[in-house]
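The values are calculated or read from the model by the stated rules, or taken from the named source; none is laboratory data. Here the structure is a predicted model, which means the values were calculated and not measured. Don't worry about glycine lacking a Cβ; one is built from the backbone with ideal geometry, like all the others, and counts go over all protein chains shown.
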Amino acid sequence: MKLNSLKPAPGSKSTRHRVGRGIGSGWGKTAGRGHKGQKARSGGFHKVGFEGGQMPLHRRLPKRGFTSPTREDIGEVRTSELQTLGASEVDLAALQAAGIVSRKALGAKVILSGKLDRKVVLKEIQVSKGARAMIEGAGGSIQITEKPKVEKKKKEKKPKKAEPPEQGKEEAKG
């Protein structure tokens, strides 16, 4: 058997219908579209999910859940992944280079999952309570620079203007 001698099984392939090519073809005149109606016209189509004017299923069902637009901004790092990581000083760039955190991530947070036996220094990475205990227990440390707190200025409330007595209003109308 050679590649140039391969053929499909007899009867498995048939020529396609060439619609609108005369009476003799069997697909002439209306070309399989029937008579009149929306589907017979050019450009006449129903949207996907159209149910003949009935309220479509995707609109009948209630909305559920929420997809956060900032979901991938903070990457999740397990303590077991820190164990396998070769570097002793870990920052966001090191995690991204190792492929543990997405390149799109703006930050990372270490969570307690797995074991960590070696000393690791984390720089500018958030840590959960359990992970902090494990890292410090193994002799590691966490370095985070605190952002300066900005005090919001409170607006002073203006005293309300005293309204003139109501007797004066009636006399003025009179």
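Here is how the numbers come out for the structure above:
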read-out	value
Which listed residue is surrounded by 13 or more Cβ atoms within 10 Å (Cβ to Cβ), within 30 Å of HIS46 (Cα to Cα) and not acidic (Asp, Glu), from PRO62, PRO56	PRO56
All positions within the range 1-31 that are more than 45 Å from the chain's Cα centre (by Cα) and of a type in the set (A, V, I, L, M)	MET1, LEU3, LEU6, ALA9, ILE23
Hits in the range 32-44 (condition: part of a loop (DSSP other than H, G, I, E, B), surrounded by fewer than 10 Cβ atoms within 10 Å (Cβ to Cβ) and under 40 Å from the mean Cα position of the chain (by Cα))	SER42, GLY43
Breaking point among (1) out of contact with any strand residue (DSSP E or B) (no Cβ under 7 Å at 6 or more places or on another chain); (2) basic (Lys, Arg); (3) under 20 Å from ASP91 (Cβ atoms), for LYS157	(3)
Cross-chain or 6+ apart pairs with Cβ under 7 Å, the range 64-76 first and under 27 Å from LEU122 (Cα atoms), then exposed (fewer than 10 other Cβ atoms within 10 Å of the Cβ)	GLU72/LYS104
Number of the condition not met by VAL48 [criteria: (1) under 25 Å from the mean Cα position of the chain (by Cα); (2) closer than 30 Å to ALA131 by Cβ; (3) exposed (fewer than 10 other Cβ atoms within 10 Å of the Cβ)]	(2)
Every pair of residues 6+ apart whose Cβ atoms lie under 6 Å, when the first sits in the range 1-25 and is hydrophobic (A, V, I, L, M, F, W, C) while the second is part of a loop (DSSP other than H, G, I, E, B)	VAL19/TRP27; VAL19/ALA31; VAL19/GLY32
Residue in the range 100-108 that is surrounded by 10 or more Cβ atoms within 10 Å (Cβ to Cβ), farther than 21 Å from LYS147 by Cβ and not β-branched (Val, Ile, Thr) present	yes
Selection count where residues are surrounded by 17 or more Cβ atoms within 10 Å (Cβ to Cβ) and under 20 Å from ARG71 (Cα atoms), scope the range 113-128	2
Members of the range 42-70 found to be at pLDDT 90 or above and charged (D, E, K, R), listed by number	ARG59, ARG60, LYS63, ARG64
Single residue of GLU124, GLU136, GLU146 found to be of a type outside the set (A, V, I, L, M), over 16 Å from VAL90 (Cβ atoms) and at pLDDT below 95	GLU146
